[in-house]
Amino acid sequence: MKKFVVLTTQRSGSVALIQSLSSHPDIVCFGEIFLKGATYARHMSVPPGRSNFLYEEYIRESLAKRVRALLAPKASVRDFLETFYGRQEDKRAAGFKLMYSQIANHRGALDWILRHDVGIIHLVREDALRVILSRHTRVKTGVAHSAAKIDAASLRLDPAELVRQLDAREKNVKRFRELLTDQPDSIEIRYEHYLENRPSENRRILQFLGVSPDIELVSGVVKQATRPLREVIENYDEVLAAVRGTPHMKFFDG
């Protein structure tokens, strides 16, 4: 069985990707099994015919596991991952979604992945501004993902905070790209390129996972229309003035 993770950030198209992967008969791909708040996580992208398997629920199964998670967090994460993949051996490829932020909160997860021949699909949305706008829209509308079109929302942003968020996002992506530079068992999928070249990119991913690339993948997530920035950002001119002169101006020039 080929073990893998989809390494990414929020609002980068990962739900559509993992749903597509799970539509392949030889693949099972879970959502965020390390997501904090198990009540919410229980409903996050559970593959058809599967029960979700969450770290927070795993460590609550016994007092011994709770103590191990507190005193030996790396060992606890290791045990969890070994158990998780052990439950998926009926498939030729099995994986889950892992967010950058969850690596910091679960010591040992990335080390275990890098040491145990786990393939890494690094999903990157290049347009960091659209990532942040999508996060704000999710908060305002209360809709994270949808199988139908939703009403458009306009946003008023704190310009200084936006620049800080863009800086942090770009730094994070650069960090993980550098980390994976010498990692042979990894591929990078660029969200924007994936949308425009879905059949060929799906084929590349399936070949990476060692399963038949000739099966059409499907997802129930509907991509929302991309509106002009001036329509999305209520205080557009104020935001543009704050960003002008920074590397983030590239997100506005297009």
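Any read-out appearing in this document is the output of simple, stated calculations on the displayed coordinates, not a laboratory observation. Note that the structure is predicted; figures quoted are calculated from it, not measured. Neighbour counts are summed over all protein chains in view; Cβ atoms, including those assigned to glycine, are modelled from backbone coordinates with ideal geometry.
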Across 115, 60, 177, the residue with the highest GNM fluctuation in the chain (Cα network, 10 Å cutoff) is 115
If all Cα-Cα distances of the stretch 97-144 are sorted into 10 Å bins from 0 onward, what percent lands in each bin, rounded to whole numbers?
20, 38, 29, 12, 0
nm² value of the averaged projected area, convex hull over the Cα atoms of the stretch 56-107:
4.0
Where the Cα atoms of the stretch 172-243 are projected onto their three principal axes, how long is each span, largest first, in whole Å?
49, 32, 16
How about residue 2: which aspartates and glutamates have a C-alpha closer than 16 Å to its C-alpha, ignoring those fewer than 8 places off in the same chain?
26, 82, 89, 90, 117, 185
Calc'd 3J(HN,Hα), the stretch 77-86, phi into Karplus 6.51 cos²θ - 1.76 cosθ + 1.60 (θ = phi - 60°), Hz, glycine/Pro = x, comes to 5, 4, 4, 4, 5, 4, 5, 4, 5, x
Computed magnitude of the charge dipole of the chain (debye, nearest 20; Cβ of K, R +1, Cβ of D, E -1)
520
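Taking the Cβ of residue 158 as the centre, find all other residues whose Cβ is under 10 Å away and add up their charges (Lys, Arg: +1; Asp, Glu: -1).
Values: positive: 156, 164; negative: 161, 238.
Combined, the nearby Lys, Arg, Asp and Glu give 0.
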Taking 83, 181 and counting other C-beta atoms within 10 Å, the order from fewest to most:
181, 83
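Sum up the charges of everything whose Cβ sits under 11 Å from the Cβ of residue 30, counting Lys and Arg as +1 and Asp and Glu as -1, but leave residue 30 out. Mind showing how you got there, number by number?
Details: positive: 50, 87, 97; negative: 32.
For residues surrounding residue 30, the net value is +2.
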Tilt of helix 159-180 relative to the longest C-alpha principal axis of the chain, in degrees (0 to 90, nearest 10)?
40
Once normalised by the length of the chain, the mean sequence separation of its alpha carbon contacts under 8 Å that are 6 or more apart gives a contact order in percent of 27
Can you return the aspartates and glutamates within cross-link range of residue 65? Criterion is Cα-Cα under 13 Å, with same-chain partners fewer than 8 residues away left out.
56, 57, 79
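Can you give the net charge of the other residues whose Cβ lies under 12 Å from the Cβ of residue 209, counting K and R as +1 and D and E as -1?
On the way: positive: 2, 3, 91, 92, 203, 204; negative: 26, 185.
Spelling it out: positives minus negatives among the neighbours equals +4.
I'd like the per residue volume of the convex hull spanned by the Cα atoms of the chain, given in cubic angstrom.
Details: hull volume 34.8 nm³, N = 254.
Spread over its residues, the Cα hull of the chain gives 137 Å³ apiece.
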Say the cut-off is 22 Å between C-alpha atoms; which of 140/174; 74/97; 3/74; 174/250; 97/171; 97/174 go over it?
140/174
